[in-house]
1. What residue, of B:45, B:34, B:69, is modelled with pLDDT of 90 or more and surrounded by fewer than 17 Cβ atoms within 10 Å (Cβ to Cβ)?
2. Just checking, which of A:187, A:131 is surrounded by fewer than 21 Cβ atoms within 10 Å (Cβ to Cβ), more than 14 Å from chain B (Cβ to nearest Cβ) and touching a helix residue (DSSP H, G or I) at 6+ places or on another chain (Cβ under 9 Å)?
3. So how many residues does the stretch A:275-289 have that are more than 7 Å from chain B (Cβ to nearest Cβ) and under 9 Å from residue A:112 (Cβ atoms)?
4. Which residues, counting only those in the stretch A:376-395, are crowded, with 24+ Cβ neighbours inside 10 Å and within 11 Å of chain B (Cβ to nearest Cβ)?
5. Going through the stretch A:75-85 one residue at a time, which ones are surrounded by 15 or more Cβ atoms within 10 Å (Cβ to Cβ) and touching a residue at least 24 places away in the same chain (Cβ under 8 Å)?
6. Before we move on, is residue B:159 touching a strand residue (DSSP E or B) at 6+ places or on another chain (Cβ under 9 Å) and touching a residue at least 60 places away in the same chain (Cβ under 8 Å)?
7. Could you say which residue among B:232, B:244, B:254 is without any contact (Cβ under 8 Å) to a residue 24 or more places away in the chain and within 7 Å of chain A (Cβ to nearest Cβ)?
């Protein structure tokens, strides 16, 4: 329809551009591309917009920042540091904060936007995980997302270190310790990265190149690939009326989503600017310049490194000396390198592990409701519990002083809780999911309970049930069950050994655990009977001349 | 009347009445006695006045002669500065034993505190209360040097902005927000609780003055960047980000994502 109107009255400007650029046909097709509508699909957008804010404000900061560890005597306008020797990097950050017009605001916006960037990626990841959006055909995009998250963490840490203030210097010192804990090559790796001993004079300029060139470039490339895949694979959607695995129900990109997304960009920019203007972040002038002989209580990283801080703090101090010559430090190696490595490998492998267990190799464009994949949801909340406990462990000193607790007790509690709480959360989540499934099943088989009791003239009582509306029905019907793999026989009837016996055995056991407690899917007949059952009370009542309510008439006509 | 006497609530009522009488009487006697004791004290010298206050408020735990008991350490040699610090910050007399004595509203006024300090100083030689000139030297000290000394000597426990920090087993370095210049000076020379003593050889009087100057500057609470979130570092920043920042963005997303009807 819109095609015919535009071809009738093509504006001169449009023709001018199109005759020179010449992809109006492709553009027209793509601008009408349909996207589904749901607030949770906008979480990734927050990350994208934060990244744009980071590029804009970051460019501004590079105009004044000096990536140099050359010692200078501060002579700027922040009096409490006047005459103090410091690196040029720190002095120029002070200059940005106090002597450059708008510098403080832009520095703070940059830092808040960095926190937003990673936080938005994390919630986006959680949405994708809990709705099963990582399933075929989107496994690669899940991996791209993880790569982006890793790059985000590196961007954050490298940027956090650039001001060369006391807090970030302590962070770098911890990082140098972690690098040294790598067996065999630790010391060499440290010298390689720092260009000598810690802190040296090389690390800030090196981190600067990585922070403003390498990482943003890589993020830009991967974001493009990430979005291209969303474009070509089309966006997933929640089950709903008219929504199938083969279509996308929603609004076109132009004008609806250009307006929504454009508006949302300004909202994200606005909230970030408000925070930057009103709330101090990383007050480096209070931290002071980094010198290796100083340290401050409450040394913490930004939130996204908090889980590593926690794992380091909670880990018992185990350290060996091999032949009194080589130090081997599992107390650093396990929490700071092996644990995050394991976390990311598990996250990356998850889509493949799940499809191996369920045997599901189909394409999925309809999202799962978290309750309909109880084991996955429970694994997710379990991992989230572990992660949040690590956060708490990382802030143990602040929690201790805030709530008058002993820091030692918090640490001991965390050691137990990290192992004991996640399984409990797993069990609780699975029970809740199955409970919700049961509720859905109840609605399908008996209709919605209205709480309206009718007393029949013969003395009997009946409750009026309302049939499930057309809009809700697809949602309730979206659940699937997966087969349980049969336990393999070691030797078949002809006495031939089963190939991959142990692998099949493992798969059978895991799939039995995976599907444990799954409710049966009702047949179409049962559902029909169930929906009809909803009317029984009314029918019975009307036989005695009881008039149905307004809502019931509506649903009766639907019926 | 006889009927009332046999009522089942009668005995309870009588008991409460008797208790009430006793407590009113006790309060009255207490009121009569206390001013008399105070009157006697004001006529004595500083040390004697302190001695009376000591016997009343401190000796239960520290012993009648400050020799210490199982409930409190000896006070021989703690010096007047330590007494003045502990009592003027309200830490002594302490409310309850625990990992650490907390700062609270002082129980004694300045004159009583000085009297207690004078009395306890007689138990054995210890650091005296620094003079007004010594303390007020901070007004002439270097701010930047104070900051450097603060970050080197104090920040590791009291945090970069003097907001305090956790120590082991429930102990903590308190916030310096309420500490007066005199109290900071006394703390440095007496090392209360977990704090080390900074003698004049470790930190010269000029250095002490500079540190006090820097803490005074910190306590002015000027925040060029906006709300300071308690000046405890990135933990509160992360909290604000997740709750206020991301919370409000998600509310906006729900608003935008809501279906237009």
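1. Being modelled with pLDDT of 90 or more and surrounded by fewer than 17 Cβ atoms within 10 Å (Cβ to Cβ) holds for just one of B:45, B:34, B:69, which is B:69.
2. Unique residue meeting the criteria: A:187.
3. Start the filter on the stretch A:275-289 by keeping residues that are more than 7 Å from chain B (Cβ to nearest Cβ), which leaves A:276, A:282, A:284-285, A:289.
When the remaining residues are screened for being under 9 Å from residue A:112 (Cβ atoms), the result is A:276.
Going through the stretch A:275-289 one residue at a time, the tally reaches 1.
4. Correct list: A:394, A:395.
5. If the condition is that a residue be surrounded by 15 or more Cβ atoms within 10 Å (Cβ to Cβ) and touching a residue at least 24 places away in the same chain (Cβ under 8 Å), then A:78, A:80, A:81, A:84 are the ones that fit.
6. Yes: the conditions hold for residue B:159.
7. Only one candidate qualifies: B:254.
Conditions tested, residue by residue: (1) away from chain A (no Cβ under 14 Å); (2) within 20 Å of residue A:81 (Cα to Cα); (3) assigned to a loop (DSSP other than H, G, I, E, B).
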{"residue": "B:112", "(1), (2), (3)": "yes, no, no"}
{"residue": "B:115", "(1), (2), (3)": "yes, no, no"}
{"residue": "B:126", "(1), (2), (3)": "yes, no, yes"}
{"residue": "B:148", "(1), (2), (3)": "no, yes, no"}
{"residue": "B:184", "(1), (2), (3)": "yes, no, no"}
{"residue": "B:193", "(1), (2), (3)": "yes, no, yes"}
{"residue": "B:206", "(1), (2), (3)": "yes, yes, no"}
{"residue": "B:214", "(1), (2), (3)": "no, yes, no"}
{"residue": "B:225", "(1), (2), (3)": "no, yes, yes"}
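The values are calculated or read from the model by the stated rules, or taken from the named source; none is laboratory data. Quick caveat: nothing in here was measured; it's all calculated off a predicted structure. Cβ coordinates were reconstructed from backbone atoms using ideal geometry, including for glycine residues, and neighbour counts include every protein chain displayed.
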